[in-house]
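J.: My questions all concern the structure below.
We did not get these values from a lab; they are worked out from the coordinates using the rules stated. If you're wondering where the values come from, they're calculated on a predicted model, not measured in any experiment. Note that each Cβ is placed from the backbone with ideal geometry, even for glycine, and that neighbours are counted across all protein chains shown.
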Amino acid sequence: MAFSIEDIVRKAINTGNFTPSSGAGILSSEQARKFIQQTFDATVLGGLVRHEMRSAKAGEIDKIGIASRILREKTEDTDDGYRAGVNTASIKYSCTDVRLPWEITEETLRENIEGQNLEAIITNLMTTQMGIDTVDLYLNGDEKFAKVKAFSTGTTYQKGDLVSNGGKVYEFTAQHSAGAWTGSDATELGTTGDADFLKVNDGWIKQLVNGAHVVDGQNAGMKLDTFYNAVHALPNKYNNGKLRWLMSPHRAQEWELSLLNKVIEQGGAVPESVYNSPVKIPVVECPSLDDDKIILTDPKNLIVVNTYNTKIRKTVEGKEAIMKDKRFYVVHFDFDAIIEELDAAAIITNIK
């Protein structure tokens, strides 16, 4: 039997008054797969990357490939003993548990234009946002934010140390002697809320910067040469028609603007395909990707691993629910974002 996402959510939240032994809110493997797929479908990139469901929270995913130039000349009635080989390897994964809790007052459910449908509407909105947030984590997650500590005037900090001050997170660009906060020797990285979000797991960008082909775009800017430099950084065997440029909407618009300016300033015309497919490679816009980076890879090279341990739970019982007259909800799931072949990816960084 096939389940729609509405069926899954409704069945899960309607089994809300549960005991730990009842299993209420725990999805079957088919429901879990469908629910996770729904979160991927919330974004364009989520629908393009490779998804793997596993039973174990940690393990390996097999990579299977073959070499090139494996044909050999045939001699009639002769076996020369040659056999083409299969290349096998594996990638390690380790899923991190995450959760999305929310609550709704009974008064809100009674006094709203949607009536009793509000519960399902809010739940669907939450699961959609969960899909958007997970893609953000797949791209930008960085466990270094777990090292953020509140700034102290009595502490000496080294270059690279992370601190929070006034609700913001900073990285020191030079050694900071014990004393007052100046901000002149630190770069702002975001808010403390950003740090709590991004510290969950290392994402694809961190993995690419540390192990893929890195092209510095600081001096080149938005020029066609920048795209060609990224393509040339990849071995030819990966330039097979499956590559895509992953960039933010702002960056895609800046690319279009740079081409239009050239047409205006220098005359002539730019082929229509170049606007959306630099170097004949299509662009995929990713709102969660920073403006200063562009990724070049086959989206199937980017892998998200989940387990079947997905739960959607609700309760209207307990002291807090009774005293506050509320319903409490939480979605539990886990994930890991990994890359199959770092050699098959390039990232352009430091684009102004």
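J.: Kindly point out which whole DSSP H helices in the chain project their C-alpha atoms 18 angstrom or further along the helix axis while averaging a Kyte-Doolittle hydropathy of -0.5 or above. Working shown, then result.
T.: Numbers: long enough: 118-140 (32 Å, 0.57); 249-266 (26 Å, -0.78).
Correct list, ordered by number: 118-140.
J.: Also: Where does the range 282-352 land on the Kirkwood hydrodynamic radius, alpha-carbon pairs, in angstrom? Numbers along the way, then the final one.
T.: Numbers: mean 1/r = 0.0615 Å⁻¹.
It is 16.3 Å.
J.: Then there's this: I'd like to know which of Met247, Ile303, Gly167 lies farthest towards the positive end of the charge dipole of the chain, counting +1 on Cβ of Lys and Arg and -1 on Cβ of Asp and Glu.
T.: Among Met247, Ile303, Gly167, the one farthest towards the positive end of the dipole of the chain is Ile303.
J.: Related question: Once label points are set 7 Å from the Cα along Cα→Cβ at both Gln253 and Leu100, what is their separation, rounded to one decimal in nm?
T.: A separation of 2.6 nm, rounded to one decimal place.
J.: To the nearest Å, what is the center-to-center distance of the range 282-352 and the range 236-251, using C-alpha atoms only?
T.: 21 Å
J.: Spin-label point model (7 Å from Cα, Cβ direction): what's the Asp343 to Glu60 distance in nm?
T.: Once both label points are built, they end up 1.8 nm from each other.
J.: Tally Lys and Arg at +1 and Asp and Glu at -1 over the other residues with C-beta under 14 Å from the C-beta of Ala42: what net charge comes out? Don't skip to the end; give the middle numbers.
T.: Details: positive: Lys34; negative: Asp41, Asp133, Asp136.
Here the charged neighbours net out to -2.
J.: Could you tell me the relative contact order of the range 32-187? Use alpha-carbon pairs under 8 Å, at least six residues apart, and round to a whole percent.
T.: 18 percent
J.: Which residues does a label at Tyr82 reach in the range 234-268, if reach means a backbone N under 14 Å from a point 7 Å past the Cα toward the Cβ?
T.: Within reach of a label on Tyr82: no residues.
J.: Among Thr315, Ala178, Tyr275, whose Cα projects farthest towards the positive end of the dipole of the chain, with charges put on the beta-carbon of Lys, Arg (+1) and Asp, Glu (-1)?
T.: Thr315
J.: Check Cys286: other-chain or 5+ apart residues with amide H under 5 Å from its amide H, H built from backbone geometry?
T.: Correct list: Met247, Ser248.
J.: Rounding to the nearest 20 debye, state how big the charge dipole of the chain is about its Cα centre with +1 on each Lys and Arg Cβ and -1 on each Asp and Glu Cβ. Before the final figure, lay out each step's value.
T.: Values: 39 positive and 49 negative charges, 89 e Å.
So the magnitude is around 420 debye.
J.: Taking the Cα centre of the range 248-352 as origin and charging only Cβ (+1 Lys, Arg; -1 Asp, Glu), how large is the dipole, in debye to the nearest 20? Can you show the working numbers first?
T.: Details: 13 positive and 17 negative charges, 138 e Å.
That gives the range 248-352 a dipole magnitude of about 660 debye.
J.: Where does the Debye-calculated log10 I(q)/I(0) of the range 97-183 sit at q = 0.10, 0.15, 0.20 Å⁻¹, using only Cα point scatterers of equal weight, no solvent?
T.: Log-scaled intensity ratios, in q order: -0.51, -0.74, -0.93.
J.: Once you put a point 7 Å from the Cα of Thr156 and another 7 Å from the Cα of Asp216, both along the Cβ direction, what distance in nm separates them?
T.: Distance between label points: 3.0 nm.
J.: Evaluate the relative contact order of the chain (contact order divided by residue number), counting alpha-carbon pairs under 8 angstrom at least 6 apart; express in whole percent. Please report the intermediate quantities before stating the final value.
T.: Working: 633 pairs, mean separation 95.3, N = 352.
Reported as a whole number, the value is 27 percent.
J.: Between rounded, prolate and oblate, where does the chain land on the alpha carbon gyration tensor, with a ≥ b ≥ c its root eigenvalues, rounded for a/c under 1.5, else prolate if a/b exceeds b/c?
T.: Here the chain falls in the oblate category.
J.: Still on this structure, please answer the following. Given a 10 angstrom Cα cut-off, can you work out which residue in Asn229, Asn240, Asn210 is the most mobile in a GNM of the chain?
T.: Residue with maximal mean-square fluctuation among Asn229, Asn240, Asn210: Asn240.
J.: Continuing with the same structure: Under 29 Å Cα to Cα from Lys144, which lysines show up? Leave out anything in the same chain fewer than 8 places away.
T.: Partners within reach: Lys57, Lys63, Lys92, Lys159, Lys168, Lys199, Lys206, Lys293, Lys300, Lys311, Lys352.
J.: Could you give the longest part of the chain that holds none of the GluC sites (Glu not before Pro) found in DSSP loops with at most 12 neighbouring Cβ atoms within 10 Å? Could the numbers behind the result be given before it?
T.: On the way: sites that count: Glu73, Glu76, Glu111, Glu114, Glu317.
Here the longest run is 115-316.
J.: Please compute the contact order of the range 236-313 in relative form: average sequence separation of alpha-carbon pairs under 8 Å and at least six residues apart, divided by the residue count, as a percent.
T.: Numbers: 71 pairs, mean separation 38.1, N = 78.
Relative contact order here is 49 percent.
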